[in-house]
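So the structure is just underneath, and the comments pick up after that.
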Protein chains: 2
Amino acid sequence: MSTYSLTPTSYLVLGCLASAGPSTPYELKQAVAESVGYFWSFPHSQLYSEPARMTAAGLVQEEREEGGRRRRVFSITAVGRAALDDWLTQPTAGLPDIRDVGLLKLFFGDLVGPDEVNALAVAQRGAHEERLKLYEGLFSGPPQSAAESTIGLGIAWERAAAAFWASIAENPPKPT
Amino acid sequence: MSTYSLTPTSYLVLGCLASAGPSTPYELKQAVAESVGYFWSFPHSQLYSEPARMTAAGLVQEEREEGGRRRRVFSITAVGRAALDDWLTQPTAGLPDIRDVGLLKLFFGDLVGPDEVNALAVAQRGAHEERLKLYEGLFSGPPQSAAESTIGLGIAWERAAAAFWASIAENPPKPT
DNA sequence: ATCCCTATGGTCTGTTTCGGATGGTGCCGA
DNA sequence: TCGGCACCATCCGAAACAGACCATAGGGAT
């Protein structure tokens, strides 16, 4: 067999199918949008193409809805479930890039004046605070599952970032 | 004119050329690796191909070294500088995705046991702490420039993430 | 001087991602 | 019954990506 490599998108699909049962790509898209999509946006087109790819590899299988639109419904196979468990069981130690366009601008902030840096900092601070409020409104009690607990990192990140940009705004870096 | 769109990579190149003066792709690669590369890794191949693309758009210009390897040396043009200033002057309010594979695994943590979640949390915590130490060792005093101040967000992120994973490890989420 | 070795420096390619443009289609209300 | 819209799906060009692979200058050993 070819060295078929599973991408994060693949595991996303596998995980969703394992959690929510058989789904259409559209349902995947919905589920993703209101959960994991907050910290990892997947283009919806991939949620259509990826299951197709994975069908060929035997990780999922495809059926058709009976009536109506006769949409494709994908479900995870035993092979897929094994691949998912395998992945979930390996504790990744890899770290993501921050890849923040705002931070990239700050990095080149010495090329423009302090006013521009300040405007950037204010805008970023506002955006992070807004997002923070959104996150804080999502759940009321303490997290009820591993899935819900992920919001904790979102909140921590937004708080940290808001504080960082606030400090930049207050105390603009200047080459002496 | 065609709608030539500048990507973050383009601005990276422009910014580096504006900051450091005319450079070869190899020098760009070096400069990036030891600075902005910590939070945004650019494949080195792009630092070769992107300036070529940009030359065609008139944003940079290319010369050749006299002796030795006769490497390509790129420098920013007035047009390029204007584009860069324009970009730097617009305060982006956009937020990046976190895109953390570990967090994605946590999101599906309900599909495996608490032991696996715990192992993940421990590994992630360790990785973030290690990275934190690296960052803290980079500069001694307070930041001397906008560029240096970016490390602040790196440190804040690593601290927040390490704390988050520590809390997951201590208090593993369990569906009741 | 020559030749080899290795740091340094550069190119190329197949795959995946991205994100939006575009194109169907079932269903409900008038 | 028919028109419109929300729902659903596919496609495509342009980049990003990772990394394999190649080239060469210049120093050191002989």
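The values are calculated or read from the model by the stated rules, or taken from the named source; none is laboratory data. Quick caveat: nothing in here was measured; it's all calculated off a predicted structure. Neighbour counts run over all protein chains shown; Cβ positions are idealised from the backbone, glycine included. For the accessible areas, the whole protein counts, side chains as well, though only heavy atoms, and no ligand, DNA or RNA atoms are used. Shrake-Rupley method; radii C 1.70, N 1.55, O 1.52, S 1.80 Å.
So the values come out like this:
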| quantity | calculated |
| --- | --- |
| Number of the condition not met by A:PRO25 [criteria: (1) more than 14 Å from chain B (Cβ to nearest Cβ); (2) near DNA strand C (Cβ under 10 Å from one of its atoms)] | (2) |
| Test for B:VAL122: is it in a helix (DSSP H, G or I), open to solvent by 70 Å² or more (accessible area, probe 1.4 Å), at pLDDT 95 or above and of a type in the set (A, V, I, L, M) | yes |
| Residue tally, condition closer than 21 Å to A:GLY154 by Cα and part of a helix (DSSP H, G or I), over segment B:131-162 | 14 |
| Selection count where residues are farther than 22 Å from A:ASP85 by Cβ and open to solvent by 30 Å² or more (accessible area, probe 1.4 Å), scope segment A:6-24 | 0 |
| Residue list for segment B:166-176, restricted to those being in contact (Cβ under 8 Å) with a residue 60 or more places away in the chain and part of a helix (DSSP H, G or I) | B:ILE168 |
| Test: residue in segment B:76-89 that is more than 25 Å from the chain's Cα centre (by Cα), within 13 Å of DNA strand C (Cβ to nearest atom) and not acidic (Asp, Glu) | no |
| Residues of segment B:25-36 satisfying the condition of being in contact (Cβ under 8 Å) with a residue 24 or more places away in the chain and either surrounded by fewer than 20 Cβ atoms within 10 Å (Cβ to Cβ) or away from DNA strand D (no atom under 15 Å from the Cβ) (or both) | B:TYR26, B:SER35 |
| Members of segment A:74-99 that are crowded, with 19+ Cβ neighbours inside 10 Å, within 16 Å of DNA strand D (Cβ to nearest atom) and in contact (Cβ under 8 Å) with a residue 40 or more places away in the chain | A:PHE74 |
| All positions within segment A:53-73 that are out of contact with any Phe, Trp or Tyr (no Cβ under 9 Å at 6 or more places or on another chain), open to solvent by less than 80 Å² (accessible area, probe 1.4 Å) and within 12 Å of DNA strand D (Cβ to nearest atom) | A:GLU65, A:VAL73 |
| Members of segment B:37-52 found to be of a type in the set (A, V, I, L, M, F, W, C), away from chain A (no Cβ under 13 Å) and open to solvent by 20 Å² or more (accessible area, probe 1.4 Å), listed by number | B:ALA52 |
| Meets criteria (farther than 27 Å from A:VAL117 by Cβ, open to solvent by less than 30 Å² (accessible area, probe 1.4 Å) and modelled with pLDDT of 95 or more) for B:ALA166 | yes |
| Yes/no for A:PRO143 being farther than 20 Å from B:ALA161 by Cβ and facing chain B (nearest Cβ under 9 Å) | no |
| Hits in segment B:101-144 (condition: touching a residue at least 12 places away in the same chain (Cβ under 8 Å) and within 16 Å of DNA strand D (Cβ to nearest atom)) | B:GLY102 |
| Check on A:ALA160, open to solvent by 10 Å² or more (accessible area, probe 1.4 Å) and in contact (Cβ under 8 Å) with a residue 60 or more places away in the chain | no |
